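*Asks:* Provided herewith is a single structure, encoded as structure tokens, for subsequent inquiry.
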Amino acid sequence: MSRLLLSLCLAAASTQAATHWAFQPLSDPTPPAVPAATTDTDRFFFAKAAADGLQLPPPASPRALLRRASYDLTGLPPSPAETEAFLSDPSPDAFAKLVDRLLASPAYGEKWGRLWLDVVRYADTAGETADYPMPHAWRYRNWVINAFNNDLPADEFIRWQIAGDLLAPSGPPDQATDKIIATGFLGIARRFGFNIDQDIHLTYEDAIDTTGKAFLGLSLGCARCHDHKHDPISQRDYYGLYGILQSTRLPFTGCEKTQRPRDMVPILSPARQQERLQWQAESQAATEALKAADAALDALTPAFAASTVTPIASGSLTPGASASWPPDAATGTIPVSRGEMLQLSILPRTNFGADGTGLEWSLRETSGQLRQWSLASAFANPAQPDPAWFILDTAREPRLCLHFDAAFENTKGLSAWRGPDLWPSLLVNTLDAPNAYQTLAFPPRSIAVHPGPNGGIAIAFQSQSDGPLAIQLRISEFDPGGDGIDWSLVRRPSLATTLESQRPLIKTRLLAAAALAATAAREPLPDLALAVAEAPPVNARLHKKGEPKDLGDPVPRKLPDVFGGDLIPDAAGSGRLQLADWLTRGPASHLTARVLANRIWLGHFSGGLVSTPNDFGTKGSPPSNPALLDWLASRLIADHWSLKSMHRRLMLSATYQRASSGPEGGDHRTAFFPRRRLTAEELRDSLLALAGNLDRSPAAAHPFPPENTWAFTQHGPFKAVYDHLQRSVYLMVQRTQRHPFLALFDAGDPNASTASRSQSTVPTQALYFLNDPFVHSQAKIMAARLVSSAPDDAARMNLASSLLYSRPASPAELSLAASFLDASRNPSLQEPDRSIDAWSAWIRVLFSSNELLYVD
């Protein structure tokens, strides 16, 4: 009976949850009539404030409004020049122009991109027991920043993150790479345990839960073990989404058990695409040059075929045997004329593939200059052989082998000359040690030949003079597994005209081949993205009580029942494209729009209209102004999901431009603008900017150790801090080892979705301004800036106040600064070091002031 009662209660709760306000269609209400309001945003807000009996604060001062807008949109303080330009602009649209300028700044994407990275738990490490690096995650981070700067419509912003790789083939080609990178939203999901493959169910849970919180404001992960206790999300709904992820290939980030990453997605960035186009043009030109050289040489080939030969010696070798020639000195002396050729041919029998024949061949003049030649010296530099020697493919008719491989078949120390095909080849072991290729064993500094499938290979020496040549020849079969070879030594008549014609052509051909090889070596390889791809579609089996080893029935891939429960068609692949469309164009799109509108409001008013931005469910806070929330969500859709339009709508309202009239953390949902403390990133960026030391260029990859050195373990995990002078959004974010500064000043937790940051006030924050080397260094740089820019302490204090607070210094501040500086000047130092030293100490005091640390 108790079980039946429980089932009835759960069914009643589910029915009640399905009628919850967040799951209803947008109402798009008409703005109320409020005489004092000039914008629709104000009409909704003022009406609610009046209904609640709250009085509105007065308008903010222009300086306060400037500083507020600058930090809200860019996360940076306004410069003195920007302050002066705004304050001196008498036009009625001066603030609108300011908002447009800030929205057009690259700093806008860096500020709002960081807020989104909090929501999607961005990190540069995987989070499993050894916290392995994710070297390619930065591409997703930079894509987010660029998406905000480009005002990518929010619906597309969402669709690309879920299914960008599936959208890429049918969209504009110049968007394809970005769409693939965008799926890094799924790729950066946290990994767990010693073996991340074994604990992949926890990674799927992380991805499902983050998807729910980020786009729907729902905690879907609660349904992993049982039906959601409070919201209409069943366990079958959860495993319907689980199957979508199980049908998706996530990148393998490396872990303690399997240390090397894999399954990254190759991409071509715009810059790399341009490099590749240029390379393809160079490669095509080099290929055509080589074809032309080959054609010129081929035209002379019949001269070899037409020439007659005079046999000198021949023989046979069984596997593993060797032979020397001549049998005596008299036999080995051969009269030749200049230009005649001595040709040694190696001919295969049946099994050409098991043949490998070592050659030692030397010649010397017995009269005249007494010069000497040898095969070994001719190929001492394999890439530039002695031009007196030729390598011929004798399969049909003698044809020069003119293809050179510095590392034959990727074998270190083994060079080769060959024809257009792999065989026949002349192979040179350039090592002072034995070398091996397949079944062939090469002695140190040795030369061998390998015949081709259709015939043999020949080495030819062209006589450089008239007179007798003494020959020493040794032939050895390297491979004992073959069936032996036949060899012959012949003399070709003088072909001086043909050979002289060939020499420049051979040189041209070698240069063309070298140019093509050099071009091939410069091929721009694809970049890699921490992105996802399709895998074979599969329906997940329900995990009883969330246990992956206790499996229930398969659950079809599907969308949650509260939004229609559509099944993923069998032919639709993973179902990520259907999920993306459902979030932005289907039944869930109204909730998605509410969640996004609330996040934009939160970013400007330090609190959401729904104060639980990641929980729009029945246990979350209801909206303080439901009509305003629905109206803003409707406007977001009507404005083609433009986030910049939403910023303008809010910031150009009188509601936004009111003075701060309450303490931080008060009832900020209506009636006043609360002051807020700078975020960790805003604080660090401000210190760098005030010192004139901020590098405004975007950052790329972090200097992680090479992947082939990774051997991190639970007891020796990856730990690093990579500081730089660029904006803090580009700092390396580690999951298990927090960045000291970001952790101290309450940056988002990269292990879970952070909707809004908590705020602590602890003694170590004050001590940071007194003792930290970063604060000391920036204070000293700013002090030098002041000392060099202003003639006296009063002017320097006014400049400092303009930089830090966007206002001139007060008489009391000037007096206090003068007293401090006079007492702090070190008489042992010379100017300007004496003033810089004193000003460094004073600036550290200014850095820790509430007026800098808080935005009104």
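*Asks:* Does region 687-839 classify as rounded, prolate or oblate by the C-alpha gyration tensor (a ≥ b ≥ c root eigenvalues; a/c under 1.5 gives rounded; else a/b over b/c gives prolate, otherwise oblate)?
*Replies:* It comes out prolate by the Cα gyration axes.
*Asks:* Under 5 Å between amide H atoms, partner at least 5 residues away or on a different chain: which partners does residue 248 have, H built in plane at 1.01 Å?
*Replies:* Amide H neighbours of residue 248: 535.
*Asks:* Of all the accessible heavy-atom surface of the chain, with the other protein chains kept in place and a 1.4 Å probe, what percent is carbon and sulfur?
*Replies:* Exposed carbon and sulfur together represent 56 percent of the surface.
*Asks:* In nm, to one decimal, how far is the residue 259 label point from the residue 322 one, both placed 7 Å along Cα→Cβ?
*Replies:* 4.3 nm
*Asks:* Tilt of helix 773-789 relative to the longest C-alpha principal axis of the chain, in degrees (0 to 90, nearest 10)?
*Replies:* Computed tilt is about 80 degrees.
*Asks:* Tilt of helix 154-167 relative to the longest C-alpha principal axis of the chain, in degrees (0 to 90, nearest 10)?
*Replies:* Taking Cα atoms only, the helix is inclined about 20 degrees.
*Asks:* Here's a follow-up. Residues with beta-carbon under 14 Å from that of residue 110, excluding residue 110: net charge, scoring Lys, Arg +1 and Asp, Glu -1?
*Replies:* Summing Lys and Arg as +1 and Asp and Glu as -1 gives 0.
*Asks:* Which order do the peptides 540-552, 97-109 take when ranked by the mean count of other beta-carbon atoms within 10 Å per residue, highest first?
*Replies:* Put in order of decreasing packing, that is 97-109, 540-552.
*Asks:* Right, another one. Determine how large the accessible area of residue 84 is when every protein chain is in place; take a 1.4 Å probe and give Å² rounded to the nearest 10.
*Replies:* We get 120 Å² for residue 84.
*Asks:* Quick one: what are the phi-derived ³J(HN,Hα) couplings along region 582-598, Karplus 6.51/-1.76/1.60 with θ = phi - 60°, whole Hz, x for glycine and proline?
*Replies:* 4, 5, 10, 10, x, x, 8, 5, 5, 5, 4, 5, 4, 4, 5, 4, 5
*Asks:* Related question: For the chain, take the longest principal axis of its alpha carbons; what is the angle in degrees between that and the long axis of helix 496-521, to the nearest 10 within 0 to 90?
*Replies:* Helix 496-521 sits roughly 20 degrees off the main axis of the chain.
*Asks:* Tell me, what is the per residue accessible area of the chain in Å², probe radius 1.4 Å?
*Replies:* Accessible area per residue: 42 Å².
*Asks:* State whether the chain is rounded, prolate or oblate according to the following rule on the C-alpha gyration tensor (a ≥ b ≥ c being the square roots of its eigenvalues): a/c under 1.5 gives rounded; otherwise a/b larger than b/c gives prolate, and the remaining case gives oblate.
*Replies:* Prolate.
*Asks:* Still on this model: Which shape class, rounded, prolate or oblate, goes with region 170-231 when its Cα gyration tensor gives a ≥ b ≥ c as root eigenvalues, a/c under 1.5 marks rounded, and past that a/b bigger than b/c marks prolate?
*Replies:* Because a/c hits 1.5 or more and a/b fails to exceed b/c, region 170-231 counts as oblate.
*Asks:* ³J(HN,Hα) across region 228-238 via Karplus (A = 6.51, B = -1.76, C = 1.60, θ = phi - 60°), whole Hz, x for Gly/Pro?
*Replies:* Residue by residue, region 228-238 yields 4, 5, 10, 10, x, 10, 8, 5, 5, 4, 4 Hz.
*Asks:* Quick one: net charge of residue 259's neighbours, Cβ under 12 Å, K/R +1, D/E -1?
*Replies:* Summing Lys/Arg as +1 and Asp/Glu as -1 gives 0.
*Asks:* By average Cβ neighbour count within 10 Å, what is the ranking of 54-64, 641-651, 736-746 from highest down?
*Replies:* 641-651, 736-746, 54-64
*Asks:* Compute the length gained on full extension between residue 470 and residue 174: take 0.36 nm times their separation in residues and subtract their Cα-Cα distance, giving the result in nm to one decimal.
*Replies:* Fully extending the segment from residue 470 to residue 174 adds 99.7 nm.
*Asks:* Would you grab the residues whose amide H sits under 5 Å from the one on residue 437? Only those 5+ places off in sequence or on another chain, please, with H modelled 1.01 Å from N.
*Replies:* Amide H to amide H, under 5 Å and 5 or more residues apart or across chains, residue 437 pairs with 442.
*Asks:* Still on this model: With N set to the residue count of region 391-550, report its C-alpha Rg divided by 2.2 N^0.38 Å to two decimal places.
*Replies:* 1.66
*Asks:* Here is a follow-up. For the peptides 690-701, 578-589, 200-211, what is the packing order when you average, over each peptide's residues, the other Cβ atoms within 10 Å and list the highest mean first?
*Replies:* In descending order of packing, they fall as 200-211, 578-589, 690-701.
*Asks:* Please give the net charge around residue 60, taking every other residue with its beta carbon less than 9 angstrom from that of residue 60, where Lys and Arg add +1 and Asp and Glu add -1.
*Replies:* +2
*Asks:* A further question on this structure: To the nearest 500 deg cm²/dmol, what mean residue ellipticity at 222 nm is calculated for the chain from DSSP H runs of n ≥ 4 alone, each contributing -39,500 (n - 2.57), summed and divided by the residues?
*Replies:* Theoretical 222 nm ellipticity from helices: -12000 deg cm²/dmol.
*Asks:* Evaluate the relative contact order of the chain (contact order divided by residue number), counting alpha-carbon pairs under 8 angstrom at least 6 apart; express in whole percent.
*Replies:* Here the relative contact order equals 20 percent.
*Asks:* On to the next question. Convert each backbone phi in region 609-621 into a coupling constant with the Karplus relation 6.51 cos²θ - 1.76 cosθ + 1.60 (shift: θ = phi - 60°), then list the ³J(HN,Hα) values in order as whole Hz, x for Gly and Pro.
*Replies:* 4, 9, 6, 10, x, 9, 9, 8, x, 5, 9, x, 6
The values are calculated or read from the model by the stated rules, or taken from the named source; none is laboratory data. All values reported here derive from a predicted model rather than from experimental measurement. Positions of Cβ are backbone-derived with ideal geometry, glycine not excepted, and every protein chain shown enters the neighbour counts. Please note that ligands, DNA and RNA were not included when accessible areas were found on the heavy atoms of the full protein model with its side chains. Shrake-Rupley method; radii C 1.70, N 1.55, O 1.52, S 1.80 Å.
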